[in-house]
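Below is one structure, written out as structure tokens; comments come after it.
The values are calculated or read from the model by the stated rules, or taken from the named source; none is laboratory data. This is a predicted model, so every value here is computed, not measured. Methodologically, a virtual Cβ is constructed for each residue, glycine included, from the backbone with ideal geometry; neighbour enumeration extends over all protein chains shown.
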Amino acid sequence: MTEPGATTGTAYTRRFAAARPSRATSRGDRDAAAEAARAAGPGTAYTRRFAAAMPPRAASGYDRDGAAEATRAAGPGTAYDRQRLIPGWDQQRLARATVVVAGVGAVGNEVAKNLALAGVGRLVLCDPDVVAVTNLSRTTLFSPGDLGRPKARAAAAALRRLAPDVEVDARVAPLVSGAGLGELADAAAVAGCVDTVRARMQLLGRCALVGAPLVDAGTQPWGCEVRVRLSAEEPCHACALTEHQRSHSDLPWSCAEPRDTGPEPSSIAATALAGAWATAALLGVLMGRPPGWRVLSADLGGRSAPVELTRDPACPYHHPWQGPPERVRASAAATVAELLAELSPGDEPETWAEFPLAAHCRVCGRSVAGGADRCGGCGALVRPVTSVRLREAAPGNRLRALGVAPEEILPVRGPQGEHRCVRLSRG
């Protein structure tokens with residue numbers, strides 16, 4: 001949805017266009033421009049050319065602020081000094097914040113970069129995919145040397161160089177096994193930058209369970225949409241979908257894999273637009289100044305408009321847990337046996353995603369390891385067996401090997417059918 005009648009550009013672009021002088025045409029003018037460029041001092045050919053072309057102007061409030069800032073920059077200071085001058089800006093609050101970024105492809109790259117430059121204290125990057133060549137035209141944190149490398153690790157390495165003060169934690173894993181519900185609950189905000197309906201609904205549901213503020217962003221060929229969800233009581237973007245659309249099972253795909261329908265159209269312009277709006281919303285949430293809109297549609301023509309949402313009583317993403325979870329000593333690095341030892345004998349802990357179990361070959365009877373699709377003895381195809389019940393897993397299996405995320409909150413069914421939840425420790 002766009003707002004009719006809007007013009008391309010801003011007051012600043014139009015003002016600059018009006019103030020810019022006509023290009024020099026005489027040799028004298030060119031000599032004067034060259035002298036002005038030499039006087040500009042160190043820089044690039046473009047900075048010197050720009051300095052020569054700009055006409056002199058009277059000192060303004062902006063000039064005085066710039067001079068004051070230059071004075072401060074000459075002495076002790078930080079990269080964030082100019083941000084601290086913004087009314088209402090809280091740099092210390094940003095420095096204390098943790099943001100989970102789900103998906104670090106094009107939009108996630110932009111959001112993570114912006115948050116790191118703004119000085120957010122800790123970023124958790126979660127993505128199972130690897131860098132593909134098509135990522136390079138839409139990302140600032142990836143380079144040709146990163147091709148084939150996990151996106152989360154490549155982005156984390158670039159962010160550590162870009163903003164050494166920011167703590168970056170890379171998780172090469174799908175959403176459910178990459179960031180636990182406990183981490184989402186503790187985060188100041190969650191950035192959803194995933195590229196499938198299934199992953200988007202999954203993230204929305206997990207944030208609703210623990211009341212985590214979510215800012216979700218996605219691109220279109222000529223624009224973007226950004227969605228803000230601060231609590232499970234608010235209408236969400238799933239409310240605008242039908243039950244069939246909410247259950248759409250489009251499996252996450254790798255940017256390196258060809259698809260029958262061809263690649264999704266995308267550009268750095270739409271990526272930057274989505275990243276800017278999502279960053280603005282996230283910074284507002286982090287500093288206690290969330291945006292007034294909940295869904296915003298913007299296009300590359302300079303138009304943007306909020307989209308009104310109405311809560312759907314049938315939408316399943318509005319049911320947070322009541323009360324805090326029970327904490328256990330076991331972490332995701334613990335074995336199944338170690339977790340079960342902390343629970344009652346009749347408790348049935350479950351995972352959020354299915355994990356493979358060992359199976360038996362129906363041809364030769366051999367035991368086949370979980371996840372294998374063929375028998376190692378006779379080569380026959382083996383039907384996979386999966387479960388979410390941890391008591392069915394091998395006692396020596398580590399929880400993280402079964403896809404359990406760090407600080408996950410697991411549902412537990414009691415012997416009488418009652419339900420509660422337990423939170424794993426950080427470990």
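May I ask you to list the residues in segment 372-427 that are of a type in the set (S, T, N, Q) and out of contact with any strand residue (DSSP E or B) (no Cβ under 8 Å at 6 or more places or on another chain)? Steps first, please.
Taking segment 372-427 first, the residues of a type in the set (S, T, N, Q) are 386-387, 397, 416, 425.
Result: Gln416, single match.
Listed conditions (1) assigned to a helix (DSSP H, G or I); (2) touching a Gly at 6+ places or on another chain (Cβ under 8 Å); (3) free of Cβ contacts under 8 Å to residues at least 60 places away in the same chain are all met by Glu110, apart from (3).
Enumerate the strands (runs of 3 or more DSSP E) found wholly within segment 285-401, keeping only those where 3 or more residues are touching a Lys or Arg at 6+ places or on another chain (Cβ under 8 Å).
On the way: elements: 295-299, 304-306, 326-331, 348-357, 385-389.
Counting at least 3 such residues, we get 326-331, 348-357.
Taking segment 118-151 as the range and being over 30 Å from Arg84 (Cα atoms) and part of a helix (DSSP H, G or I) as the test, the residues that pass are Val133, Thr134, Asn135, Pro144, Gly145, Asp146, Lys151.
Pro411: under 19 Å from Leu340 (Cβ atoms) and in contact with an Asp or Glu (Cβ under 6 Å, 6 or more places away or on another chain), yes or no? Spell out the reasoning first.
On the way: under 19 Å from Leu340 (Cβ atoms): yes; in contact with an Asp or Glu (Cβ under 6 Å, 6 or more places away or on another chain): yes.
It is true that Pro411 is under 19 Å from Leu340 (Cβ atoms) and in contact with an Asp or Glu (Cβ under 6 Å, 6 or more places away or on another chain).
Within segment 359-380, the residues that satisfy the criterion of being under 35 Å from the mean Cα position of the chain (by Cα) and surrounded by 13 or more Cβ atoms within 10 Å (Cβ to Cβ) are Gly370, Gly371, Ala372. Restricting segment 245-282 to residues that are surrounded by 11 or more Cβ atoms within 10 Å (Cβ to Cβ) and polar (S, T, N, Q) leaves a set whose member that is modelled with the lowest pLDDT is Ser254. Among the residues of this structure, Ala170 counts as one that is in contact with a strand residue (DSSP E or B) (Cβ under 9 Å, 6 or more places away or on another chain), surrounded by 21 or more Cβ atoms within 10 Å (Cβ to Cβ) and not in a helix (DSSP H, G or I). Give all pairs with beta carbons closer than 9 Å in which a residue from segment 279-293 that is free of Cβ contacts under 8 Å to residues at least 60 places away in the same chain meets a residue that is of a type in the set (Val, Ile, Thr); count only pairs at least 6 apart in sequence or on separate chains. Correct list of pairs: Ala280/Val226; Gly284/Val228. Screening the candidates Leu175, Leu125 for the property of being touching a residue at least 60 places away in the same chain (Cβ under 8 Å) and crowded, with 24+ Cβ neighbours inside 10 Å yields one hit, Leu175. Beta carbons closer than 7 Å, at least 6 apart along the sequence or on distinct chains, pair a first residue in segment 399-410 that is over 13 Å from Leu184 (Cα atoms) with a second that is assigned to a helix (DSSP H, G or I) for Leu399/Val336; Leu399/Leu339; Gly403/Val176; Gly403/Ser177; Val404/Ser177.
Based on what the data block shows, is Val197 crowded, with 23+ Cβ neighbours inside 10 Å, within 16 Å of the chain's Cα centre (by Cα) and not small (Gly, Ala, Ser)? Before you say what the answer is, go through the steps one by one.
Values: crowded, with 23+ Cβ neighbours inside 10 Å: no; within 16 Å of the chain's Cα centre (by Cα): yes; not small (Gly, Ala, Ser): yes.
Spelling it out, it is not the case that Val197 is crowded, with 23+ Cβ neighbours inside 10 Å, within 16 Å of the chain's Cα centre (by Cα) and not small (Gly, Ala, Ser).
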